[in-house]
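In what follows, a single structure is set out as structure tokens and then discussed.
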Amino acid sequence: MAREAIIERLAKLDTCAVSDALDSLGLKGATWGVRPQWPCGRIVGRAVTMKIKPAGLQAPTQHLGTAPIEAAKSGDIIVIDNGGKLEFSCWGGLLALSAKLKGLSGVVIDGACRDIDEARELGFPVYARGAVPMTARGRVIQDTFNAEIQFAGVQCHPGDLVIADGSGVVIIAKEREEDVVAAAEAIYQQEQEMADGIRKGYSGLEMLEKLGYEQMLKRK
């Protein structure tokens, strides 16, 4: 399946340019604290969301994460709300294998994961707040999937755009994706012009002032 044009454009950018674009538009979406758990590359795709809740007396009817993976399309990203908890995992090797075989781009977790060695061997990108060996079994279960969640302090809805790289994770509301990506492309292009000038021998100060770096983020 061909990738959407907007995703192709986003894949040429980075989270920093997108975060700056959000700032310039007065929008939220940039997060902090969720990092790649092995040296994986940048991922972009549409969100398939999942919310985790504590286990109770009622036993789960299916393993957490299986329904979102089944619902996802090739290229999508699983986005998990576990409230930033690091005491136990909510994503492991079998889920990574299932997601990899389904053609998903990766997973981003506001919480912890495990089986990172397996994910690295599979080549499946995992972004999380940390890794622990403790299982989710008996501790947490899946609450909802493909519904609104909070991810690291920002709202995320099914179908929102997600970009993640070494600097972190940014979520772009699908209703504003064209505005945000266009603004990020303009910022990225201007930064490349500044970098080219510095490589040609201009001082950083000259280029920053000449091209108006401080004005790049003024709200539009």
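For this structure, a couple of remarks:
- Whichever residue in region 102-150 is hydrophobic (A, V, I, L, M, F, W, C) and part of a helix (DSSP H, G or I) and, among such residues, is farthest from Thr61 (Cα to Cα): Leu122
- Residue that is surrounded by the fewest Cβ atoms within 10 Å (Cβ to Cβ) [pool: residues in region 139-157 that are farther than 24 Å from Gly26 by Cβ and of a type outside the set (Ser, Thr, Tyr)]: Ala147
- Of the residues making up region 33-56, those that are assigned to a strand (DSSP E or B) and out of contact with any helix residue (DSSP H, G or I) (no Cβ under 7 Å at 6 or more places or on another chain) are Arg35, Pro36, Ile43, Arg46, Ala47, Thr49, Lys51, Ile52, Lys53, Pro54.
No value in this document is a laboratory result; all are computed from the given coordinates. Keep in mind the model is a prediction, meaning the values are calculated, not measured. Every residue, glycine among them, receives a Cβ derived from its backbone with ideal geometry; neighbour counts consider all protein chains shown.
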